[in-house]
1. With respect to residue 116, is the statement that it is outside any loop (DSSP other than H, G, I, E, B), without any contact (Cβ under 8 Å) to a residue 60 or more places away in the chain, more than 18 Å from residue 31 (Cβ to Cβ) and among the β-branched types (Val, Ile, Thr) true?
2. Taking segment 61-76, which residues are closer than 22 Å to residue 141 by Cβ and assigned to a loop (DSSP other than H, G, I, E, B)?
3. Would you say residue 152 is aromatic (Phe, Trp, Tyr) and closer than 18 Å to residue 21 by Cα?
4. crowded, with 17+ Cβ neighbours inside 10 Å and assigned to a helix (DSSP H, G or I): which single residue out of 86, 94 fits that description?
5. Return the pair list, or none, for Cβ contacts closer than 6 Å from residues in segment 1-25 that are closer than 16 Å to residue 138 by Cβ to residues that are of a type in the set (Asp, Glu), at least 6 apart or on different chains.
6. Of everything in segment 5-60, what is in contact with a His (Cβ under 8 Å, 6 or more places away or on another chain) and either farther than 24 Å from residue 122 by Cβ or not in a helix (DSSP H, G or I) (or both)? Give them in sequence order.
7. With the checklist (1) touching a residue at least 12 places away in the same chain (Cβ under 8 Å); (2) under 24 Å from residue 110 (Cα atoms); (3) surrounded by fewer than 21 Cβ atoms within 10 Å (Cβ to Cβ) in hand, flag the one item residue 67 doesn't pass.
Amino acid sequence: MKQIESFAVDHTRLPVGLYLSRTDRGGEIKTYDLRMKKPNGGDYLSVPSLHTIEHLFATYARNSAFADRVIYVGPMGCCTGFYLVVDNLPEPDVITLVTDSMRFIAAYEGDIPGATERECGNYRAHDLAAAKRDVLPLLAALTDGSPLTLRYPQA
């Protein structure tokens, strides 16, 4: 079988950050890699933190000014970050959406949206304190003043 694009990324060179992972439909649909932990670094997002970030990130993104452009928000199985799939959303707006979402999560207080037994298949697996800590490295990478290229590091 042909290797999928995300497996072709050199994960040994991938720091925390925001990356354009792939484009589809002539560039209209874009998948972004929101890397919150260094791959294979020994420090991963716990399931409760990952789950809480998912609920808060998806809720924020789907209620933002860009809601009609958000197709999908979901965690990576390797527990190092998330994917964001958007339709015709320019890169500056992606950066704004992700930055604002991470700020929202870092400051969030209250009940986790969609975290009841009726709404969620694993409603007890949430950790707001860990989620708030775990978004900080990505937020720092997005706001440290460095220019953002959104491209994976090259060998």
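Just so you know, all these numbers are worked out from the coordinates, no wet-lab data involved. Here the structure is a predicted model, which is why all the values come from computation and not from measurement. As a convention, Cβ positions derive from the backbone with ideal geometry for all residues, glycine included, and neighbour counts pool all protein chains shown.
1. Answer is no for this residue.
2. Of everything in segment 61-76, those that are closer than 22 Å to residue 141 by Cβ and assigned to a loop (DSSP other than H, G, I, E, B) turn out to be 64, 66, 76.
3. In short, yes.
4. From the options 86, 94, the qualifying one is 94.
5. Every condition considered, the pairs that remain are 19/33; 21/33.
6. 39, 40
7. Unmet condition: (1).
So that you can scan it fast, the table gives a plain yes or no per residue for (1) surrounded by 18 or more Cβ atoms within 10 Å (Cβ to Cβ); (2) of a type outside the set (Gly, Ala, Ser); (3) over 11 Å from the mean Cα position of the chain (by Cα):
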site: 50; (1), (2), (3): yes, yes, no
site: 58; (1), (2), (3): yes, no, no
site: 62; (1), (2), (3): no, yes, yes
site: 98; (1), (2), (3): yes, yes, no
site: 112; (1), (2), (3): yes, yes, yes
site: 122; (1), (2), (3): no, yes, yes
site: 149; (1), (2), (3): no, yes, yes
